[in-house]
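Notes follow once the structure below has been shown.
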Amino acid sequence: MKKNHKLKTKININSLSYKDPSSKIYEVFDENNNLIKILRGLRQDTKENYANLSCEQFYKKLITSEMIINTKIYSEETLEKKTILADSWKEILEHELVDFISYPYEWSFSMLKDAAILQLFIIKKSFENSWKLKDASSYNVQWKNGKPIFIDIASFVPLNENFNWEGYRQFCAMFLIPLLIKKHLDINFNEILRSNLDGIFPEIGNRYFQLTNKFKKGVFSHIFLPTLLNNFFLKNNKKKTKISQNKKNILSLMNSIYELIKNLDYTKKKSLWLGYDKKNSYEEQDKQIKEKFIKKNFSNKKSNVLWDIGCNNGYFSKLLKEQFKKIIAFDYDHEVIEDLYLSEKKFQNTNIMPLVINFSNQSPNQGWNNELKRIEQRSIPDHILCLAFIHHARLVANIPLNQIISWLHSLNANMIIEFVDRDDEMVTQLMENKNEKYEDYNRENFIKLLSQKFTIIDKQSLKNNKRELFFVTSNV
């Protein structure tokens, strides 16, 4: 990290930026470590590409429709500019800030589907206008106001006489095949993509589809047949020869995949937690008391970031939408995150970002440079909602209560934490048929551990004292 002492800013090379030698991303932080600028250094050929691309009407339309991140040439004469140019880059671009970075293995089915539709639309429009994207990585898509947006400007290159779609295999691996696995087999792709950062290639995807499943829509053409051909070349020790395709045929392939993905209707499957709020809801009076308590303690002023841990269908995230600039709503259940995303998609804009994350088995820092970060390194919450989380973490994930409290304390945020007593029917159900007695899980010990790490500002009993809400601030 390079420090600019005069301006008290820090310049950090983005760790994901090593893969493409044609450009490099620089993050500029202020003296309070807030990200204030995203800059990109360009190689000479990439500089020329951008100069031509920025004049294209199709590109301008993609920018104005917010399908591509807003970008401009960085013309300010700053020490940041001098520092980046000193690294031998020939031009500097400034990108609009993205307020949170998420990864494809944290998305639900419809999130990945919408990201795929966006990227394929951009690929098609580029191809029609004699441009192309040199790759098709799902990591090139992020989210702005609840909608996908493409962020990798350096991916655009002029279309030469070779009309091959080089990104086809990568697009299938990172978008199409995960969607087909979820659609046809109801296998969540999140853990698979987390373990296979380059996606699910046809040879691997083919193993999931047995017998007649190979003939399901999209599977034969984009999974089974490519695997068959690849095995043929390997078995016969033959080299694959690149054949220049007709532009019309390539566009036809793109259009067919576009329609395939667009029409992948997804019927949410049964889930233990989908509809949990209705099956295990409070009485109306208790529900109103709970809402009032949350609003009262989280309504002092407009805050930056709220985490809703174990958000389920996002009821309380929606309740607090006006109170926070950004709400990141987590749940490990794919179906409830899918439900939340679809409900928020109906709005023109939303500040709720739903993610499939299991806090008892979080994604670690991973990748060649550890470029894919844990959630704590991507977002700093001011406030945290921790409802119906403690008892699941202790009684289902078997995490000791003191470790749960210590982890929450490490986040250094104001929190509302719900404790569900042993007499509650949900706890009784979770402990059913278990030999472990969970002797640390009781109200007295919970308050003792909580008081060691937090200051209890307010509390509220619910359900005849079977549940209790605590508004706490973190002790230094």
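In this structure the amide hydrogen of Ala329, modeled in the peptide plane, comes within under 5 Å of the amide hydrogens of Asp308, Met353, Leu355, none closer than 5 places in sequence on its chain. Apply the Debye scattering formula to the chain, with a single equal point scatterer on each alpha-carbon and no solvent, then give log10 I(q)/I(0) at q = 0.10 Å⁻¹. The Debye formula, applied to the Cα set alone, gives -0.86.
Taking all Cα pairs closer than 8 Å and separated by 6 or more residues, the relative contact order of the stretch 104-262 comes to 26 percent. In loop segments of the stretch 297-347 as defined by DSSP, the chymotrypsin sites (Phe, Trp or Tyr not before Pro) with at most 16 further C-beta atoms inside 10 Å of their C-beta are Phe347.
Restriction of the trypsin sites (Lys or Arg not before Pro) in the stretch 1-78 to DSSP coil positions whose beta-carbon has at most 14 other beta-carbons within 10 angstrom yields Lys6, Lys8. Between Gln288 and Arg422, the C-beta separation translates, for a Förster distance of 30 Å, into a calculated FRET efficiency of about 0.75.
When you filter the GluC sites (Glu not before Pro) in the stretch 429-476 for DSSP loop state and at most 10 other Cβ atoms inside 10 Å of their Cβ, you are left with Glu432, Glu436, Glu439. Residues whose amide H comes within less than 5 Å of that of Asn70, counting only those at least five positions distant or on another chain, are Glu96 (H built at 1.01 Å from N in the peptide plane). Normalised by the number of residues in the stretch 2-95, the average gap of Cα pairs under 8 Å and 6 or more apart makes the relative contact order 27 percent. Each part reduced to its alpha carbon centroid, the stretch 159-175 and the stretch 78-112 end up 23 Å apart. Taking 7 Å steps out from each Cα toward its Cβ at Val98 and Cys55 produces label points 2.9 nm apart. Kindly identify the stretch 29-80 as rounded, prolate or oblate by the Cα gyration tensor criterion: order the square roots of the eigenvalues as a ≥ b ≥ c, call it rounded if a/c is under 1.5, otherwise compare a/b with b/c, prolate if a/b is larger, else oblate. Oblate.
What the pair-distance distribution of the stretch 308-350 shows, using all Cα-Cα distances binned every 5 Å from zero, is 6, 24, 34, 26, 9, 1 percent. By the equivalent-ellipsoid construction on the alpha carbon gyration tensor, the stretch 4-52 comes out with semi-axes of 25, 12, 8 Å, ordered largest to smallest.
The alpha carbons of the stretch 1-152 stretch over 45, 34, 26 Å along the principal axes, in descending order. From the square roots a ≥ b ≥ c of the eigenvalues of the alpha-carbon gyration tensor of the stretch 155-258, which class results: rounded (a/c under 1.5), prolate (a/b over b/c), or oblate? It is prolate, given that a/c is not under 1.5 and a/b is the larger ratio. Taking 0.36 nm per residue of separation and subtracting the current Cα-Cα distance, fully stretching the chain between Leu85 and Ser474 would add 135.7 nm. Net charge in the neighbourhood of Ala329 (other residues with Cβ under 13 Å of its Cβ; Lys, Arg +1, Asp, Glu -1) is -4. Subtracting the Cα-Cα distance of Asn349 and Thr64 from their residue separation scaled by 0.36 nm leaves 101.0 nm. Other residues with beta-carbon under 12 Å from the beta-carbon of Gln44 carry, at +1 per Lys or Arg and -1 per Asp or Glu, a net charge of 0.
Working note: Cα atoms of the stretch 276-474, range along each principal axis, descending, whole Å: 44, 43, 33. Distance from the C-alpha centroid of the stretch 394-416 to that of the stretch 428-476: 11 Å, rounded to the whole angstrom.
Measuring nothing but how far apart in sequence close Cα pairs (under 8 Å, 6+ apart) lie, relative to its length, the chain scores a relative contact order of 11 percent.
Phi angles across the stretch 367-381 convert, under the Karplus curve 6.51 cos²θ - 1.76 cosθ + 1.60 with θ = phi - 60°, into 3J(HN,Hα) values of x, 4, 9, 6, 6, 8, 9, 4, 4, 5, 8, 10, 8, 10, x Hz, Gly and Pro given as x. Distance between the modelled labels on Glu31 and Ile456, one decimal in nanometres: 4.1 nm (7 Å Cα→Cβ projection).
Residue pairs exceeding 19 angstrom between C-alpha atoms, taken from Lys134/Lys345; Lys325/Lys345; Lys61/Lys346; Lys60/Lys125; Lys113/Lys134; Lys113/Lys262: Lys134/Lys345; Lys61/Lys346; Lys113/Lys134. Given R0 = 51 Å, the distance between the Cβ atoms of Trp407 and Lys248 translates into a calculated FRET efficiency of 0.35.
Helix screen, the chain: DSSP H segments with Cα axial length of 24 Å or more and mean Kyte-Doolittle hydropathy at least -0.5 are 109-128. Summing +1 for each Lys or Arg and -1 for each Asp or Glu, what net charge is found among the other residues whose Cβ lies under 10 Å from the Cβ of Leu306? Summing Lys and Arg as +1 and Asp and Glu as -1 gives +1.
Candidates Trp307, Phe330, Ser343 compared by Cα position along the dipole of the stretch 300-343: farthest toward the positive end lies Trp307, with charges placed on Cβ.
No lab work stands behind these numbers, since they all come straight from the coordinates. A quick note: this is a predicted structure, and the numbers were derived from the prediction, not measured. Heads up, the Cβs are rebuilt from the backbone with ideal geometry, glycines too, and the neighbour counts pull from every protein chain shown.
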